[in-house]
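First comes the structure, then the notes that go with it.
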Amino acid sequence: MNRILFFNTSRVHRRLEKLIDLAKIRVIEPTQAYEEYIKKHNSDVILVRGDTMPQLEVAVAATKLNKILAHGEGGSLSSTRDEHVRHAITKLSHLHFVDHEQARERVLRMGEDQKYVYNFGSLEVEMAMSSPKEDLIDGFYILLLQHEIPGELKSYDMIHAVLRQQFPGYKIVSILSNNDYTKANGNEEYSQE
């Protein structure tokens with residue numbers, strides 16, 4: 001027996017129009033704004049770091065303007081939906097500054113030329129090593145690193161509460177996000193308790 005799939009084309013068309021409008025607002029317009037910014041500053045090389053939509057929009061704008069694109073943190077794995085975006089940015093990039101050797105190997109497996117892939121190290125580690133340590137001398141510490149995923153419930157408060165309950169007297173050093181979505185919304189913090 002043949003199955004017949006019937007589309008209500010006017011309904012599908014209305015949904016497509018809404019999706020196109022959403023794409024204009026979320027992707028096309030920001031990409032155009034980045035293009036204008038790049039044109040205004042007339043840079044030869046554009047460096048993007050990370051794996052979220054704003055970085056991809058910058059990468060697309062740089063590609064459209066035929067600029068050299070350098071990407072920091074390509075080849076890393078986060079097991080989130082950001083990975084597709086990170087890999088897309090990697091494929092658009094000319095220069096690759098990866099965090100570690102495994103990331104370098106992944107970028108090479110994606111077909112990138114090894115003479116343009118550099119194991120540069122982690123900027124987060126460099127930042128942590130150069131931050132003031134006067135307050136971090138005595139006592140026991142718990143280091144909490146959390147990368148929020150846009151659109152998912154934030155579990156930071158719950159994790160903090162459990163850690164405070166299970167480890168009374170410990171100081172908790174919290175480093176939230178990785179300078180992308182949540183930092184842009186003011187949620188990155190360094191705290192001691």
**OP:** Working with all protein chains in place, sort Ile68, Ile172, Ile142 by solvent-accessible area computed with a 1.4 Å probe, largest first.
**Re:** Ile68, Ile142, Ile172
Original post:
Using a basic spin-label model with each label point 7 Å from the Cα along Cα→Cβ, how many nm lie between Val162 and Glu83?
Top reply: 2.3
**OP:** Return the subset of Lys39/Lys115; Lys64/Lys91; Lys40/Lys64; Lys40/Lys115; Lys39/Lys64 for which the Cα-Cα distance in this structure is over 20 Å, preserving the input order.
**Re:** Lys39/Lys115; Lys40/Lys115
Subject >> Theoretical FRET efficiency, 1/(1+(r/R0)^6), r = Cβ-Cβ of Tyr170 and Glu105, R0 35 Å, to 0.05 >> reply: 0.40
Subject >> Accessible surface, the range 19-118, averaged per residue in Å² (probe 1.4 Å) >> reply: 58
**OP:** Set the Förster radius R0 to 25 Å, insert the Cβ-Cβ distance between His41 and Leu92 as r into 1/(1 + (r/R0)^6), and round the FRET efficiency to 0.05.
**Re:** 0.85
Original post:
Which percent of the accessible heavy-atom area of the range 50-141 goes to carbon and sulfur, probe 1.4 angstrom?
Top reply: 58
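The values are calculated or read from the model by the stated rules, or taken from the named source; none is laboratory data. The model shown is predicted, which means the values in this text are computed figures rather than measured ones. We place every Cβ from the backbone using ideal geometry, glycine too, and count neighbours over all the protein chains shown. Keep in mind that these areas ignore ligands, DNA and RNA; they rest on the heavy atoms of the full protein, side chains included. Shrake-Rupley method; radii C 1.70, N 1.55, O 1.52, S 1.80 Å.
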